[in-house]
Amino acid sequence: MVLGWLDCCSRNGYQQIGNTGPRFGVRHLQCILVFFGLAVAYSLRVNLSVAIVAMTDRNASNPDFPEFDWDESTKSYLLSSFFWGYVVTQIPGGYLSSIYGAKYMLFYGVLVCSILALLTPFCAMTGGWKLVVVLRAVQGLCQGVIFPSTHTFLSKWAPTEERGRLVGYCYSGSQFGTVVMLSASGYIASSFMGWPSTFYVPGCAGIIWSFVWYFFCSNTPAQHPSITPSERRYIESSGQARRPSDAGREEPPRLQTPWKSILTSRPFLVLVLAHCANNWGFWTLLTEIPTFMKNVLGMDIKSNGPLSALPYLAMILLTCMFIWLSDVLKNRGTFLSLGFSRKFFNTVGMWLPMLALIGLGYITEGEANVRLAIALLTIAVATNSASYLGFHVNHIDLSPNFAGTLMGITNCAANFMSILAPLIVGLIVWDETNPAQWRTVFFITAFVYFMGNLLFVIFGRTSVQSWNNAAPTRTPAPERGETAEAGEDRAPLMEA
(Lines give C-alpha, C1' and ligand atoms only; values in the text may rest on other atoms or scores of the structure.)
Protein backbone atom coordinates (compact mmCIF):
# COMPACT_ATOMS: atom_id res chain seq x y z
CA MET A 1 0.00 0.00 0.00
CA VAL A 2 2.84 2.36 0.90
CA LEU A 3 4.61 1.55 -2.36
CA GLY A 4 1.45 2.24 -4.32
CA TRP A 5 1.08 5.58 -2.60
CA LEU A 6 4.69 6.47 -3.38
CA ASP A 7 4.20 5.60 -7.05
CA CYS A 8 1.47 8.18 -7.50
CA CYS A 9 3.04 10.97 -5.47
CA SER A 10 6.01 13.20 -6.23
CA ARG A 11 8.59 14.24 -3.68
CA ASN A 12 6.65 17.48 -3.07
CA GLY A 13 3.49 15.59 -2.12
CA TYR A 14 1.60 16.33 -5.33
CA GLN A 15 -0.20 13.64 -7.19
CA GLN A 16 0.93 12.91 -10.71
CA ILE A 17 -2.24 12.44 -12.75
CA GLY A 18 -2.00 9.60 -15.23
CA ASN A 19 -2.95 9.71 -18.87
CA THR A 20 -6.70 9.74 -18.27
CA GLY A 21 -7.65 12.31 -20.89
CA PRO A 22 -9.60 11.24 -23.99
CA ARG A 23 -7.49 10.18 -26.96
CA PHE A 24 -9.23 12.85 -29.03
CA GLY A 25 -10.79 15.69 -27.13
CA VAL A 26 -11.39 19.42 -27.07
CA ARG A 27 -7.66 20.12 -26.74
CA HIS A 28 -7.09 18.48 -30.12
CA LEU A 29 -9.83 20.54 -31.74
CA GLN A 30 -8.20 23.67 -30.36
CA CYS A 31 -4.86 22.61 -31.84
CA ILE A 32 -6.47 21.94 -35.24
CA LEU A 33 -7.71 25.54 -35.19
CA VAL A 34 -4.19 26.72 -34.33
CA PHE A 35 -2.78 24.65 -37.21
CA PHE A 36 -5.04 26.32 -39.75
CA GLY A 37 -4.52 29.71 -38.15
CA LEU A 38 -0.76 29.45 -38.64
CA ALA A 39 -1.34 28.15 -42.17
CA VAL A 40 -3.40 31.25 -42.99
CA ALA A 41 -0.85 33.53 -41.30
CA TYR A 42 2.02 32.16 -43.36
CA SER A 43 0.04 32.32 -46.59
CA LEU A 44 -0.51 36.00 -45.82
CA ARG A 45 3.21 36.36 -45.16
CA VAL A 46 4.56 34.74 -48.32
CA ASN A 47 1.87 35.86 -50.78
CA LEU A 48 3.79 38.98 -51.84
CA SER A 49 6.99 37.03 -52.52
CA VAL A 50 5.15 34.95 -55.12
CA ALA A 51 2.81 37.69 -56.37
CA ILE A 52 5.58 40.18 -57.03
CA VAL A 53 6.76 38.13 -60.02
CA ALA A 54 3.36 38.50 -61.70
CA MET A 55 3.02 42.13 -60.60
CA THR A 56 6.27 43.11 -62.37
CA ASP A 57 5.97 40.82 -65.40
CA ARG A 58 2.62 40.79 -67.20
CA ASN A 59 3.66 37.79 -69.29
CA ALA A 60 4.14 35.68 -66.16
CA SER A 61 0.39 35.61 -65.41
CA ASN A 62 -2.91 37.02 -66.65
CA PRO A 63 -1.90 40.00 -68.87
CA ASP A 64 -5.20 41.83 -68.28
CA PHE A 65 -4.00 43.33 -65.01
CA PRO A 66 -1.64 46.26 -64.30
CA GLU A 67 2.11 45.80 -64.39
CA PHE A 68 4.51 47.70 -62.11
CA ASP A 69 7.98 48.91 -63.03
CA TRP A 70 9.75 48.07 -59.78
CA ASP A 71 13.52 47.57 -59.79
CA GLU A 72 15.36 45.12 -57.55
CA SER A 73 15.96 47.74 -54.86
CA THR A 74 12.24 48.50 -54.66
CA LYS A 75 11.43 44.80 -54.51
CA SER A 76 13.83 44.35 -51.59
CA TYR A 77 12.03 47.11 -49.66
CA LEU A 78 8.67 45.52 -50.39
CA LEU A 79 9.77 42.03 -49.34
CA SER A 80 11.57 43.14 -46.17
CA SER A 81 9.01 45.67 -44.93
CA PHE A 82 6.91 42.92 -43.34
CA PHE A 83 9.71 42.14 -40.90
CA TRP A 84 10.15 45.78 -39.90
CA GLY A 85 6.86 45.56 -38.06
CA TYR A 86 7.15 41.88 -37.21
CA VAL A 87 10.06 42.27 -34.78
CA VAL A 88 8.41 45.21 -32.97
CA THR A 89 5.39 43.38 -31.54
CA GLN A 90 7.03 40.10 -30.50
CA ILE A 91 7.62 40.97 -26.84
CA PRO A 92 4.44 43.07 -26.41
CA GLY A 93 2.48 40.23 -28.05
CA GLY A 94 3.67 37.69 -25.51
CA TYR A 95 3.05 40.03 -22.60
CA LEU A 96 -0.43 41.08 -23.75
CA SER A 97 -1.48 37.50 -24.50
CA SER A 98 -0.72 36.59 -20.89
CA ILE A 99 -2.97 39.45 -19.70
CA TYR A 100 -5.89 39.46 -22.14
CA GLY A 101 -5.66 35.90 -23.42
CA ALA A 102 -4.15 34.36 -26.55
CA LYS A 103 -7.59 33.95 -28.12
CA TYR A 104 -8.09 37.67 -28.64
CA MET A 105 -4.52 38.41 -29.70
CA LEU A 106 -4.68 35.73 -32.40
CA PHE A 107 -8.15 36.81 -33.46
CA TYR A 108 -7.29 40.47 -33.97
CA GLY A 109 -3.82 39.74 -35.36
CA VAL A 110 -5.06 37.47 -38.14
CA LEU A 111 -8.25 39.45 -38.80
CA VAL A 112 -6.54 42.82 -39.30
CA CYS A 113 -3.74 41.24 -41.34
CA SER A 114 -6.34 39.56 -43.59
CA ILE A 115 -8.27 42.80 -44.15
CA LEU A 116 -5.03 44.55 -45.09
CA ALA A 117 -4.29 41.74 -47.56
CA LEU A 118 -7.58 42.50 -49.32
CA LEU A 119 -6.53 46.15 -49.59
CA THR A 120 -3.08 45.40 -51.06
CA PRO A 121 -4.06 45.49 -54.77
CA PHE A 122 -5.93 48.78 -54.25
CA CYS A 123 -2.93 50.30 -52.42
CA ALA A 124 -0.53 49.16 -55.14
CA MET A 125 -2.65 50.69 -57.91
CA THR A 126 -3.38 53.98 -56.15
CA GLY A 127 -0.43 54.64 -53.85
CA GLY A 128 2.41 52.75 -55.53
CA TRP A 129 5.10 50.75 -53.83
CA LYS A 130 5.54 53.17 -50.91
CA LEU A 131 1.98 52.64 -49.71
CA VAL A 132 2.42 48.88 -50.08
CA VAL A 133 5.57 49.09 -47.93
CA VAL A 134 3.58 50.81 -45.17
CA LEU A 135 0.78 48.26 -45.47
CA ARG A 136 3.18 45.33 -45.27
CA ALA A 137 4.87 46.82 -42.21
CA VAL A 138 1.48 47.08 -40.48
CA GLN A 139 0.78 43.47 -41.46
CA GLY A 140 4.06 42.57 -39.78
CA LEU A 141 2.92 44.37 -36.63
CA CYS A 142 -0.23 42.25 -36.65
CA GLN A 143 1.60 38.97 -37.18
CA GLY A 144 4.28 39.72 -34.60
CA VAL A 145 1.85 38.69 -31.86
CA ILE A 146 1.03 35.30 -33.41
CA PHE A 147 3.92 33.07 -32.32
CA PRO A 148 4.09 34.42 -28.73
CA SER A 149 0.31 34.14 -28.41
CA THR A 150 0.39 30.59 -29.80
CA HIS A 151 2.91 29.62 -27.13
CA THR A 152 0.74 31.21 -24.45
CA PHE A 153 -2.25 29.29 -25.78
CA LEU A 154 -0.44 25.94 -25.93
CA SER A 155 0.96 26.39 -22.42
CA LYS A 156 -2.67 26.34 -21.22
CA TRP A 157 -3.96 23.53 -23.42
CA ALA A 158 -1.09 21.06 -23.96
CA PRO A 159 -0.52 18.49 -21.19
CA THR A 160 3.16 17.85 -20.50
CA GLU A 161 2.87 14.27 -21.79
CA GLU A 162 1.60 15.59 -25.15
CA ARG A 163 3.39 18.93 -25.28
CA GLY A 164 6.00 18.15 -27.92
CA ARG A 165 3.45 16.35 -30.10
CA LEU A 166 0.83 19.12 -30.01
CA VAL A 167 3.38 21.91 -30.47
CA GLY A 168 4.87 20.09 -33.46
CA TYR A 169 1.51 19.52 -35.12
CA CYS A 170 0.39 23.11 -34.52
CA TYR A 171 3.52 24.78 -35.85
CA SER A 172 3.64 22.54 -38.92
CA GLY A 173 0.66 24.60 -40.04
CA SER A 174 3.09 27.37 -41.00
CA GLN A 175 4.76 25.03 -43.49
CA PHE A 176 1.37 23.82 -44.74
CA GLY A 177 0.32 27.39 -45.53
CA THR A 178 3.62 28.02 -47.31
CA VAL A 179 3.29 24.85 -49.41
CA VAL A 180 -0.25 25.70 -50.47
CA MET A 181 0.63 29.29 -51.33
CA LEU A 182 3.79 28.48 -53.29
CA SER A 183 2.17 25.61 -55.16
CA ALA A 184 -1.09 27.33 -56.05
CA SER A 185 0.08 30.92 -56.57
CA GLY A 186 1.04 30.44 -60.21
CA TYR A 187 -2.33 28.93 -61.09
CA ILE A 188 -4.23 31.58 -59.13
CA ALA A 189 -2.32 34.48 -60.73
CA SER A 190 -2.93 33.04 -64.21
CA SER A 191 -6.67 32.70 -63.63
CA PHE A 192 -9.31 35.21 -64.65
CA MET A 193 -8.80 36.95 -61.26
CA GLY A 194 -5.13 37.69 -62.01
CA TRP A 195 -2.40 38.53 -59.51
CA PRO A 196 -4.79 40.37 -57.12
CA SER A 197 -6.29 36.98 -56.29
CA THR A 198 -3.04 35.99 -54.54
CA PHE A 199 -4.07 38.56 -51.92
CA TYR A 200 -7.85 38.04 -52.04
CA VAL A 201 -7.80 34.26 -51.51
CA PRO A 202 -5.67 34.15 -48.33
CA GLY A 203 -7.31 37.36 -47.11
CA CYS A 204 -10.79 35.83 -47.31
CA ALA A 205 -9.51 32.59 -45.75
CA GLY A 206 -8.03 34.58 -42.86
CA ILE A 207 -11.30 36.42 -42.18
CA ILE A 208 -13.26 33.14 -42.20
CA TRP A 209 -10.73 31.52 -39.86
CA SER A 210 -10.81 34.49 -37.47
CA PHE A 211 -14.52 34.18 -36.81
CA VAL A 212 -14.41 30.38 -36.57
CA TRP A 213 -11.59 30.83 -34.04
CA TYR A 214 -13.54 33.46 -32.09
CA PHE A 215 -16.63 31.31 -31.65
CA PHE A 216 -15.02 27.90 -31.08
CA CYS A 217 -11.87 28.73 -29.12
CA SER A 218 -11.32 29.47 -25.42
CA ASN A 219 -8.24 30.84 -23.71
CA THR A 220 -8.09 28.01 -21.17
CA PRO A 221 -9.80 24.67 -20.53
CA ALA A 222 -11.67 26.29 -17.62
CA GLN A 223 -13.37 28.72 -20.02
CA HIS A 224 -14.42 26.18 -22.65
CA PRO A 225 -18.16 25.41 -22.47
CA SER A 226 -18.10 21.85 -23.80
CA ILE A 227 -14.94 20.30 -22.33
CA THR A 228 -15.55 17.30 -20.10
CA PRO A 229 -14.53 17.48 -16.43
CA SER A 230 -12.12 14.56 -16.89
CA GLU A 231 -10.29 16.19 -19.81
CA ARG A 232 -10.11 19.52 -18.02
CA ARG A 233 -8.71 17.82 -14.93
CA TYR A 234 -6.17 15.93 -17.04
CA ILE A 235 -4.93 19.10 -18.76
CA GLU A 236 -4.80 21.25 -15.64
CA SER A 237 -3.08 18.64 -13.45
CA SER A 238 -0.75 16.96 -15.94
CA GLY A 239 2.89 17.67 -15.39
CA GLN A 240 2.28 20.65 -13.16
CA ALA A 241 3.29 21.12 -9.53
CA ARG A 242 -0.37 21.32 -8.50
CA ARG A 243 -2.56 19.40 -6.12
CA PRO A 244 -5.33 17.34 -7.70
CA SER A 245 -7.82 19.62 -5.93
CA ASP A 246 -6.41 22.59 -7.87
CA ALA A 247 -7.72 21.15 -11.14
CA GLY A 248 -11.15 22.56 -11.83
CA ARG A 249 -10.71 25.76 -9.86
CA GLU A 250 -11.13 29.13 -11.42
CA GLU A 251 -8.13 30.76 -13.08
CA PRO A 252 -5.55 32.07 -10.60
CA PRO A 253 -4.84 35.80 -10.42
CA ARG A 254 -2.46 37.23 -12.98
CA LEU A 255 1.21 36.96 -12.06
CA GLN A 256 3.73 39.76 -12.25
CA THR A 257 6.22 39.20 -15.05
CA PRO A 258 9.65 38.61 -13.42
CA TRP A 259 11.64 40.44 -16.10
CA LYS A 260 14.92 40.52 -14.17
CA SER A 261 14.77 36.82 -13.33
CA ILE A 262 13.94 35.93 -16.91
CA LEU A 263 16.73 38.00 -18.45
CA THR A 264 19.32 36.65 -15.99
CA SER A 265 18.26 32.99 -16.22
CA ARG A 266 21.01 30.87 -17.78
CA PRO A 267 18.63 28.25 -19.27
CA PHE A 268 16.62 31.02 -20.89
CA LEU A 269 19.68 32.85 -22.26
CA VAL A 270 20.87 29.57 -23.78
CA LEU A 271 17.41 29.19 -25.31
CA VAL A 272 17.75 32.66 -26.87
CA LEU A 273 21.10 31.67 -28.42
CA ALA A 274 19.67 28.39 -29.75
CA HIS A 275 16.71 30.21 -31.33
CA CYS A 276 19.03 32.82 -32.88
CA ALA A 277 21.34 30.15 -34.29
CA ASN A 278 18.40 28.25 -35.74
CA ASN A 279 16.98 31.33 -37.47
CA TRP A 280 20.39 32.28 -38.83
CA GLY A 281 20.79 28.89 -40.45
CA PHE A 282 17.18 28.38 -41.52
CA TRP A 283 16.82 31.74 -43.26
CA THR A 284 20.25 31.45 -44.86
CA LEU A 285 19.03 28.19 -46.38
CA LEU A 286 15.76 29.63 -47.64
CA THR A 287 16.94 33.03 -48.87
CA GLU A 288 20.48 32.43 -50.11
CA ILE A 289 20.53 28.85 -51.42
CA PRO A 290 18.25 29.72 -54.37
CA THR A 291 20.69 32.49 -55.36
CA PHE A 292 23.60 30.06 -55.06
CA MET A 293 21.85 27.46 -57.19
CA LYS A 294 20.92 30.00 -59.86
CA ASN A 295 24.35 31.64 -60.20
CA VAL A 296 26.67 28.72 -59.46
CA LEU A 297 24.64 25.70 -60.60
CA GLY A 298 22.47 27.40 -63.25
CA MET A 299 19.16 26.26 -61.71
CA ASP A 300 16.45 28.83 -60.95
CA ILE A 301 14.17 27.08 -58.45
CA LYS A 302 12.30 30.30 -57.61
CA SER A 303 10.67 30.17 -61.02
CA ASN A 304 9.27 26.73 -60.21
CA GLY A 305 6.51 26.97 -57.59
CA PRO A 306 6.16 23.24 -56.77
CA LEU A 307 9.94 22.87 -56.56
CA SER A 308 10.10 25.87 -54.21
CA ALA A 309 7.45 24.23 -52.04
CA LEU A 310 9.26 20.86 -51.89
CA PRO A 311 11.41 21.62 -48.79
CA TYR A 312 8.35 22.81 -46.87
CA LEU A 313 6.33 19.75 -47.87
CA ALA A 314 9.16 17.49 -46.72
CA MET A 315 9.27 19.49 -43.48
CA ILE A 316 5.60 18.72 -42.78
CA LEU A 317 6.12 15.00 -43.41
CA LEU A 318 9.24 14.81 -41.23
CA THR A 319 7.48 16.71 -38.44
CA CYS A 320 4.94 13.89 -38.29
CA MET A 321 7.73 11.31 -38.39
CA PHE A 322 9.68 12.95 -35.57
CA ILE A 323 6.53 13.16 -33.43
CA TRP A 324 5.92 9.46 -34.04
CA LEU A 325 9.55 8.68 -33.15
CA SER A 326 9.25 10.71 -29.96
CA ASP A 327 6.19 8.72 -28.93
CA VAL A 328 7.90 5.41 -29.72
CA LEU A 329 10.97 6.31 -27.67
CA LYS A 330 8.82 7.48 -24.79
CA ASN A 331 6.63 4.38 -24.76
CA ARG A 332 9.43 1.83 -25.15
CA GLY A 333 12.06 3.43 -22.99
CA THR A 334 10.76 4.81 -19.71
CA PHE A 335 14.32 5.91 -18.88
CA LEU A 336 14.13 8.58 -21.59
CA SER A 337 14.00 11.87 -19.71
CA LEU A 338 12.35 15.01 -21.00
CA GLY A 339 15.72 16.75 -21.06
CA PHE A 340 17.31 14.03 -23.19
CA SER A 341 14.36 14.07 -25.58
CA ARG A 342 14.52 17.84 -26.09
CA LYS A 343 18.29 17.79 -26.68
CA PHE A 344 18.22 14.75 -28.94
CA PHE A 345 15.65 16.22 -31.30
CA ASN A 346 17.28 19.63 -31.20
CA THR A 347 20.55 17.99 -32.24
CA VAL A 348 18.81 16.31 -35.17
CA GLY A 349 17.14 19.59 -36.12
CA MET A 350 20.33 21.66 -36.12
CA TRP A 351 23.28 19.36 -36.79
CA LEU A 352 21.81 17.51 -39.77
CA PRO A 353 21.20 20.84 -41.58
CA MET A 354 24.76 21.75 -40.58
CA LEU A 355 26.11 18.67 -42.39
CA ALA A 356 23.94 19.42 -45.42
CA LEU A 357 25.37 22.95 -45.58
CA ILE A 358 28.92 21.61 -45.52
CA GLY A 359 28.02 19.27 -48.37
CA LEU A 360 26.50 22.13 -50.39
CA GLY A 361 29.79 23.98 -50.11
CA TYR A 362 31.55 21.37 -52.25
CA ILE A 363 28.96 21.07 -55.03
CA THR A 364 29.95 22.35 -58.47
CA GLU A 365 28.05 22.89 -61.70
CA GLY A 366 26.48 19.89 -63.44
CA GLU A 367 23.05 18.36 -63.92
CA ALA A 368 23.69 15.56 -61.43
CA ASN A 369 25.02 18.06 -58.91
CA VAL A 370 21.91 20.20 -59.30
CA ARG A 371 19.76 17.25 -58.26
CA LEU A 372 22.12 16.57 -55.35
CA ALA A 373 21.93 20.23 -54.28
CA ILE A 374 18.12 20.14 -54.34
CA ALA A 375 18.19 16.95 -52.27
CA LEU A 376 20.58 18.48 -49.72
CA LEU A 377 18.49 21.65 -49.49
CA THR A 378 15.35 19.60 -48.94
CA ILE A 379 17.03 17.47 -46.29
CA ALA A 380 18.45 20.52 -44.52
CA VAL A 381 15.11 22.33 -44.35
CA ALA A 382 13.04 19.23 -43.60
CA THR A 383 15.21 17.87 -40.77
CA ASN A 384 15.12 21.29 -39.12
CA SER A 385 11.54 20.37 -38.15
CA ALA A 386 12.97 18.19 -35.35
CA SER A 387 13.69 21.43 -33.49
CA TYR A 388 9.92 21.74 -32.88
CA LEU A 389 10.50 18.97 -30.31
CA GLY A 390 13.67 20.69 -29.10
CA PHE A 391 14.23 24.34 -28.31
CA HIS A 392 10.91 25.40 -29.85
CA VAL A 393 8.86 23.87 -27.04
CA ASN A 394 11.42 24.62 -24.33
CA HIS A 395 9.81 27.97 -23.53
CA ILE A 396 6.80 26.10 -22.13
CA ASP A 397 9.08 23.69 -20.26
CA LEU A 398 10.89 26.50 -18.48
CA SER A 399 7.84 28.58 -17.63
CA PRO A 400 4.27 27.58 -18.54
CA ASN A 401 3.02 30.82 -16.98
CA PHE A 402 5.22 33.08 -19.11
CA ALA A 403 5.74 30.95 -22.21
CA GLY A 404 4.34 33.63 -24.54
CA THR A 405 6.63 36.29 -23.10
CA LEU A 406 9.64 34.00 -23.46
CA MET A 407 8.73 33.24 -27.07
CA GLY A 408 8.31 36.95 -27.75
CA ILE A 409 11.81 37.70 -26.47
CA THR A 410 13.56 34.83 -28.26
CA ASN A 411 11.65 35.28 -31.53
CA CYS A 412 12.41 39.01 -31.51
CA ALA A 413 16.14 38.35 -31.12
CA ALA A 414 16.03 35.49 -33.64
CA ASN A 415 14.38 37.64 -36.30
CA PHE A 416 17.18 40.16 -36.03
CA MET A 417 19.39 37.23 -37.00
CA SER A 418 17.13 36.69 -40.01
CA ILE A 419 17.91 40.26 -41.06
CA LEU A 420 21.60 40.12 -40.17
CA ALA A 421 22.42 36.82 -41.91
CA PRO A 422 21.69 38.02 -45.49
CA LEU A 423 23.72 41.18 -44.80
CA ILE A 424 26.72 39.06 -43.77
CA VAL A 425 26.28 37.01 -46.93
CA GLY A 426 26.36 40.23 -48.96
CA LEU A 427 29.69 41.20 -47.38
CA ILE A 428 31.28 37.82 -48.14
CA VAL A 429 29.80 37.07 -51.57
CA TRP A 430 30.65 39.89 -53.96
CA ASP A 431 30.87 37.53 -56.93
CA GLU A 432 27.76 35.35 -56.90
CA THR A 433 29.28 32.92 -59.40
CA ASN A 434 32.29 32.13 -57.19
CA PRO A 435 31.83 28.77 -55.39
CA ALA A 436 34.68 29.51 -52.94
CA GLN A 437 32.88 32.56 -51.55
CA TRP A 438 29.67 30.60 -51.12
CA ARG A 439 31.62 27.84 -49.38
CA THR A 440 32.74 30.39 -46.77
CA VAL A 441 29.10 31.37 -46.19
CA PHE A 442 28.05 27.74 -45.75
CA PHE A 443 30.88 27.02 -43.33
CA ILE A 444 30.05 30.07 -41.19
CA THR A 445 26.39 29.08 -41.08
CA ALA A 446 27.31 25.48 -40.22
CA PHE A 447 29.46 26.79 -37.34
CA VAL A 448 26.53 28.87 -36.04
CA TYR A 449 24.30 25.78 -36.15
CA PHE A 450 26.98 23.76 -34.35
CA MET A 451 27.53 26.25 -31.52
CA GLY A 452 23.84 27.00 -31.02
CA ASN A 453 22.98 23.35 -30.45
CA LEU A 454 26.15 22.61 -28.45
CA LEU A 455 25.27 25.33 -25.95
CA PHE A 456 21.70 24.04 -25.72
CA VAL A 457 22.90 20.46 -25.11
CA ILE A 458 25.33 21.53 -22.37
CA PHE A 459 23.41 24.28 -20.59
CA GLY A 460 19.77 23.79 -21.65
CA ARG A 461 17.24 22.70 -19.03
CA THR A 462 13.66 21.43 -19.06
CA SER A 463 12.80 21.93 -15.39
CA VAL A 464 10.24 24.58 -14.51
CA GLN A 465 12.18 27.57 -13.24
CA SER A 466 11.57 29.10 -9.83
CA TRP A 467 10.49 32.45 -11.33
CA ASN A 468 7.59 30.72 -13.11
CA ASN A 469 5.59 31.13 -9.89
CA ALA A 470 6.16 34.84 -9.45
CA ALA A 471 4.10 36.78 -6.93
CA PRO A 472 0.55 37.46 -8.15
CA THR A 473 -0.57 41.03 -8.60
CA ARG A 474 -3.59 40.85 -6.30
CA THR A 475 -2.86 38.11 -3.79
CA PRO A 476 0.00 37.32 -1.41
CA ALA A 477 2.88 35.21 -2.63
CA PRO A 478 2.43 31.41 -2.37
CA GLU A 479 4.09 29.37 0.28
CA ARG A 480 7.79 28.76 -0.06
CA GLY A 481 7.35 25.12 -0.99
CA GLU A 482 5.11 26.03 -3.89
CA THR A 483 7.56 28.53 -5.40
CA ALA A 484 10.51 26.22 -5.30
CA GLU A 485 11.88 25.07 -8.59
CA ALA A 486 10.06 22.00 -9.76
CA GLY A 487 13.22 19.97 -9.84
CA GLU A 488 15.78 18.93 -12.39
CA ASP A 489 15.08 16.81 -15.43
CA ARG A 490 14.91 13.70 -13.30
CA ALA A 491 11.89 14.94 -11.31
CA PRO A 492 8.86 12.71 -11.90
CA LEU A 493 6.56 15.58 -12.82
CA MET A 494 8.95 16.72 -15.51
CA GLU A 495 9.27 13.41 -17.26
CA ALA A 496 7.50 13.05 -20.59
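Table for the structure above
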read-out: Surface share of carbon and sulfur [accessible, 1.4 angstrom probe, percent] for the range 391-451; value: 75
read-out: Estimated FRET transfer efficiency when R0 is 41 angstrom, pair Q256-I458 (beta carbons, to 0.05); value: 0.85
read-out: Solvent-accessible area, 1.4 Å probe, carbon plus sulfur percent, for the range 25-92; value: 60
read-out: Rounded accessible area per residue of the range 96-183, 1.4 Å, Å²; value: 30
read-out: Label-point separation, L427 to C320 (7 Å along Cα→Cβ), nm; value: 4.3
read-out: Residue order for D327, D64 - accessible surface, 1.4 angstrom probe, largest first; value: D64, D327
read-out: Overall Cα dimensions of the range 29-103, principal axis frame, Å, largest first; value: 48, 29, 13
read-out: Local electrostatic count at L116 - Lys and Arg +1, Asp and Glu -1, tallied over other residues with Cβ under 13 Å; value: +2
read-out: Cα-based convex hull, the range 359-435, per residue volume (Å³, whole number); value: 101
read-out: Shape call, the range 106-228: gyration tensor on alpha carbons, a/c limit 1.5; value: prolate
read-out: Positive-pole candidate from C320, V381, S399, dipole of the range 314-438, charges at beta carbon; value: S399
read-out: S49, S308, reordered so the largest accessible area comes first (probe 1.4 Å); value: S49, S308
read-out: Neighbour cut-off at most 11 other Cβ (10 Å), DSSP loop, chymotrypsin sites (Phe, Trp or Tyr not before Pro), the range 325-428; value: F335, Y362
read-out: Solvent-accessible area of M193 with every protein chain in place, 1.4 Å probe, in Å² to the nearest 10; value: 80
read-out: Out-of-range pairs (alpha-carbon distance over 32 Å; input K103/K294; K156/K260; K260/K343); value: K103/K294
read-out: Set of the range 180-196 residues, backbone N closer than 19 Å to the point 7 Å along the Cα-Cβ line of R58; value: 189-196
read-out: In Å², nearest 10: area of W84 left accessible to a 1.4 Å probe; value: 120
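The values are calculated or read from the model by the stated rules, or taken from the named source; none is laboratory data. Note that this is a predicted model, so its numbers are computed, not measured. Here Cβ is always computed from backbone atoms with ideal geometry, including for glycine, and neighbour counts include all displayed protein chains. Only protein heavy atoms, including side chains, enter the accessible area calculation; ligands, DNA and RNA are left aside. Shrake-Rupley method; radii C 1.70, N 1.55, O 1.52, S 1.80 Å.
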